[in-house]
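Readers should treat all values here as calculations from the given coordinates under stated rules, not as data from a laboratory. Everything numeric here is computed off the predicted structure, so don't read it as measured data. Heads up, the Cβs are rebuilt from the backbone with ideal geometry, glycines too, and the neighbour counts pull from every protein chain shown.
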Amino acid sequence: MRITIPATALAQAMRNPARQARLSRLIRQVGTDLVALDGPDSTAVGMVLARTGTADIVDAHVVVCALRAGQTVATSDPADLRRISPGLRLIIV
């Protein structure tokens with residue numbers, strides 16, 4: 001199983017690093033892909049935000065990465081992700 005972590009989501013989570021020990025271990029594991037917000041993804045994120053009338057770059061990057069990889073998203077905040085992509089597969093944690 002592959003796990004994709006958008007770098008924008010990692011940056012947001014690491015605002016409180018003391019609470020992220022398990023996440024820190026996860027990003028070092030084989031099978032975990034850290035996806036940078038590069039030029040093509042920046043364009044895709046901007047287009048998603050424009051199309052949906054939303055403004056959260058992190059949420060849009062999560063959606064772009066998940067749809068491209070065909071993966072389910074684990075989230076504690078499903079409402080914003082569903083607003084961007086109603087059909088996105090979610091696991092609520």
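For the ranges 57-69, 76-88, 15-27, what's the packing order if you count other beta-carbon atoms within 10 Å of each residue, average per peptide, and put the highest first? Each step should come with its number before you reach the end.
Values: 57-69: 21.0, 76-88: 13.2, 15-27: 10.6.
Highest to lowest by the protection proxy: 57-69, 76-88, 15-27.
Charge dipole of the chain (Cα centre as origin; +1 on each Lys and Arg Cβ, -1 on each Asp and Glu Cβ, all else neutral): 320 debye, rounded to the nearest 20. The C-alpha atoms of the chain define a longest principal axis, and helix 57-69 lies at about 80 degrees to it. The calculated 222 nm mean residue ellipticity attributable to helices in the chain amounts to -14500 deg cm²/dmol, summing -39500 (n - 2.57) over DSSP H runs of n ≥ 4 and dividing by all residues. Simple rule: put +1 on each Lys or Arg Cβ and -1 on each Asp or Glu Cβ in the chain, find the dipole, and look at 69, 48, 84; the Cα lying farthest toward the positive end is 69.
With each label modelled as a point 7 angstrom along the Cα→C-beta vector, the residue 26-residue 42 pair spans 2.7 nm. From the alpha carbon centroid of region 22-56 to that of region 62-93 is 12 Å. When the chain is described by a simple charge dipole with +1 on each Lys and Arg Cβ and -1 on each Asp and Glu Cβ, the residue from 18, 6, 35 located farthest towards its positive end is 18. The gain in end-to-end length when the residue 18 to residue 51 segment is fully stretched comes to 8.3 nm, 0.36 nm per residue minus the alpha carbon separation.
At R0 = 25 Å, how high is the FRET efficiency between residue 93 and residue 11 if r is their beta carbon distance? Nearest 0.05 is fine. For R0 = 25 Å, the calculated efficiency reads 0.85. Amide hydrogen proximity for residue 35: with H placed 1.01 Å from N in the peptide plane, the residues at 5 or more positions away or on another chain lying under 5 Å are 5, 7.
Applying 0.36 nm per residue to the separation of residue 34 and residue 72 and subtracting their alpha-carbon distance, the gain on full extension is 12.1 nm.
Our coupling estimate for region 86-93, obtained by passing each phi through the Karplus curve with A = 6.51, B = -1.76, C = 1.60 and θ = phi - 60°, is x, x, 4, 6, 10, 10, 8, 10 Hz, Gly and Pro reported as x.
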